[in-house]
1. When the Karplus curve 6.51 cos²θ - 1.76 cosθ + 1.60 is applied with θ = phi - 60°, which whole-Hz ³J(HN,Hα) does each residue of segment 87-102 get, with x for Gly and Pro?
2. For segment 151-252, divide the Cα radius of gyration by the Kirkwood radius and give the resulting Rg/Rh value with two decimals.
3. Would you mind checking the radius of gyration and Dmax of segment 192-277 based on alpha-carbon positions, in Å?
4. Short version: ³J(HN,Hα) in whole Hz for each residue of segment 260-268, in order, from phi by Karplus 6.51 cos²θ - 1.76 cosθ + 1.60 (θ = phi - 60°), x for Gly and Pro, what are they?
5. Taking the mean number of other Cβ atoms within 10 Å as a proxy for protection, how do you rank 91-104, 270-283 from highest to lowest?
6. Quick one: check the C-alpha center-to-center distance for segment 202-251 versus segment 115-182, whole angstrom.
7. Determine the relative contact order of segment 156-315: mean sequence separation of Cα pairs under 8 Å and six or more apart, normalised by residue count, in whole percent.
8. With the dipole of segment 107-266 worked out from charges on the C-beta (+1 for Lys and Arg, -1 for Asp and Glu) around the Cα centre, which of LEU196, THR236, THR180 lies farthest toward the positive end?
Amino acid sequence: MTREPDGGPALRHARRAVLGLGLAAAGGLLPLNDAPRAGPGAGGAKGEGVRPAGPGVPLPDDRAGDGGPARPARTVDTASTCDGVPGFTAVFPGSGLITNEYAHRHPDAADARVDPDWSVTSGSLFADRGAAWSGIPDSLSPDPLSRLRTGSSVLRVVTRRRDFADTAVRTRVRLRPPGTTARTPATDWDGGHLWLRYRSPQELYALSFRRRDGLVVIKRKCLPSGAADGAEGEYTTLAQAPFALPYDTWHQVEAQACTTAEASVLLRLRVDGRTVAEAVDTGPGVLSGPGGVGVRGDNSELRFTAFTAVRCAPA
């Protein structure tokens, strides 16, 4: 489990960043009963669980769970297409583990929970009553069912599909204040992020909708020219602005990537209906082709629901 650096403060190859005020969308916390709870044994070794920055939010456990797999049923939106490719809507029925890092590393193991739609390269992803959940974050490698350890202090969730080109990802999110673990100390970028045009862990766009430092940020990650095999991608900051959505309440978040007639990429981040950051990536390193979409979390317990990916076009 590694946490890649978040890139420097320089704003390169960016044209603009705009700030708007977000409107909080309150909602109820969704319970989950097949994931580790805080306390002895919940996060592995003592002291390995994320230490939240504020008071805990109770997680009601009002029904028994059988521990069975929670298989999200993907529905195809034939009315919205991305360059002729059907849109994507994720739903999370039932409760239990969807998939985790263990399944990513051991896909052929008999006890691996491999999901047809999602790959979790780090951490764990659970489902309950229509929402996806990180579980209580810790910094240890997940066990096969993520009952003892989640690894979700470093959460990386991406679709298996890689055909999303001009795409808007929309989802409702709810974050707890970020914490720390012995292996994942506090960083400015701790929080929640959406991925667009994900080609690999080294090539993607990351749109950060809530960071510990109170900024929203749009970044490109790509391999430097002439990079050797196995090299790490480098982040380039394309836009940033001060904006801190409230924790412990639901918010509507949207991230867009659209290729323009000039072969640049327009990127836009919206929170609760307001544009909070925008950039035009002119390269070098611009990611003009399709890729996956996903969710990233750092030192943060997060939930997301109503996740869709549909076609968008530059305004």
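1. So the J values, rounded to whole Hz, are x, 9, 10, 9, 10, 10, x, x, 9, x, 6, 7, 6, 7, 4, 4.
2. Values: Rg = 14.7 Å, Rh = 15.1 Å.
We get a ratio of 0.97 for segment 151-252.
3. So, for segment 192-277, Rg and Dmax equal 14.1, 45 Å respectively.
4. So the J values, rounded to whole Hz, are 8, 5, 8, 6, 8, 10, 8, 10, 9.
5. Numbers: 91-104: 22.8, 270-283: 20.5.
Ranked by mean Cβ neighbours within 10 Å, highest first: 91-104, 270-283.
6. Cα centroid of segment 202-251 versus Cα centroid of segment 115-182: 17 Å apart.
7. Details: 429 pairs, mean separation 60.9, N = 160.
Averaging sequence separation for qualifying contacts and normalising by length gives 38 percent for segment 156-315.
8. Result: THR180, furthest along the dipole toward the positive end.
No lab work stands behind these numbers, since they all come straight from the coordinates. Note that this is a predicted model, so its numbers are computed, not measured. Every residue, glycine among them, receives a Cβ derived from its backbone with ideal geometry; neighbour counts consider all protein chains shown.
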